[in-house]
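Structure record follows, encoded as structure tokens.
The values are calculated or read from the model by the stated rules, or taken from the named source; none is laboratory data. Note that the structure is a prediction, hence the values are computed from the model and not measured. Cβ: placed from backbone, ideal geometry, glycine included. Neighbour counts: every protein chain shown. Just so you know, the surface numbers come from the protein's heavy atoms only, side chains and all, with ligands and any DNA or RNA stripped out. Shrake-Rupley method; radii C 1.70, N 1.55, O 1.52, S 1.80 Å.
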Amino acid sequence: MERKKRVLIISPSLNSEENISGISSMTNLLIACHRTVDYIHFIQGKKDNEKRGFKWILKQVYTPIRLIRILQQHTISYIHFNIGFEPFSLYRDIIIYSILYRHQYPLVLHIHGGRYAQSLPVNKLLKKIILRFLKKASLIIVLNQAEKTFLLNNYSFLSDSRVHVLPNAIDSKSTDIFTQKKQEDTKLNILYLGRIDKNKGLSLILEALVGLKEKNIDFTFYIGGVGPDTKWFIYECNRQIPNNYIYKGLVSEDNKQNLFTKSHVFLLPSRFEGLPMALLESMNNRIVPVVTPVGTIPEVVCHGQNGFLVNDKQDIITILELLSKDRITLNQLGENARNTITSRFSMTSYIENFDSILAGL
């Protein structure tokens, strides 16, 4: 029997009660489904409710020591390094990334979106850090073709054979819920699930929902998640739509499924995205996405067929009003959303494509 490869995989916490990031969700699925590999998970990243105080600083100081100990204890085939190309993540992770490179491990750099996956930084230090990440990687994985094209066009030392496209996926067999209660609910139940950050279009959401309220459309807005702008967002919801929202906080897997069971629409008018796991999970549960055309999203959502792509407040109001009044269209789009996931974004295909990429390592 062939011995499994042992791989050190680096990502934030996999506990859904501590972290709801797409990187964590994708890492969890990969470890569970990639059965030909023995993964050792190394936690790198802040928990959603964790404060950046003295204890957090001490943890960062101790992180390289933890990493070196693990490398001494195990024979590692390669490193799977997951990161979002955002300023804080890049600053934080460059130290342990450099340690791994100096130990001469093959490095698979898995970029999960972020503003610098498709734009160049102005800051000179960030430029140097990004160059180091890219130059030292044995293979680079990005979420979509646009990100690959950007990297190849702007970093001449990269070759086509080093940069690979691999969209996120979900275990589409794990969930198959469609209740009569959701179908018959006269209210339009709208879901926001993810990091509560103004860059996710929170102000636009509030403006659109106030506009929906002014049209006398009955709705409930479910919010799941935490983030830097939680207090502000919940305060504004309480001020502007006090009787139309329910805040669930950081949701566990069971609570997430409960939200999926109730919800008709997934609303995410974000400014920056890679490929949100919450989008794929929602569509898998026949929830109609109403989202902005950023990152990989336009490769998943086809306007008017399995969801809607929006650009402003009026777009959102018009579509939510349509879906509230036309339940036949709502249900058909939900079915189409589910079919999109099962046909194109399953973990079976993901693992096959991932193994094909790693064949070049």
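Data table
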{"read-out": "Filtered residues of the range 276-329 (kept if in a loop (DSSP other than H, G, I, E, B), touching a helix residue (DSSP H, G or I) at 6+ places or on another chain (Cβ under 7 Å) and surrounded by fewer than 22 Cβ atoms within 10 Å (Cβ to Cβ))", "value": "Gln305, Asn306"}
{"read-out": "Any chance Leu109 is modelled with pLDDT of 90 or more, in a helix (DSSP H, G or I) and not small (Gly, Ala, Ser)", "value": "no"}
{"read-out": "Where Asn336 falls short, out of the listed (1) farther than 23 Å from Asn189 by Cβ; (2) free of Cβ contacts under 8 Å to residues at least 40 places away in the same chain", "value": "(1)"}
{"read-out": "Pick from the range 227-279, criterion hydrophobic (A, V, I, L, M, F, W, C) and in contact with a Pro (Cβ under 9 Å, 6 or more places away or on another chain), ranking: nearest to Gly114 (Cα to Cα)", "value": "Leu275"}
{"read-out": "Members of the range 226-262 found to be touching a residue at least 40 places away in the same chain (Cβ under 8 Å) and either over 19 Å from the mean Cα position of the chain (by Cα) or within 14 Å of Val210 (Cα to Cα) (or both), listed by number", "value": "Thr261, Lys262"}
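Condition check ((1) within 25 Å of Ile23 (Cβ to Cβ); (2) open to solvent by less than 20 Å² (accessible area, probe 1.4 Å)) across all residues:
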| position | (1), (2) |
| --- | --- |
| Leu191 | yes, yes |
| Asn216 | no, no |
| Tyr245 | no, no |
| Glu253 | yes, no |
| Asn258 | yes, no |
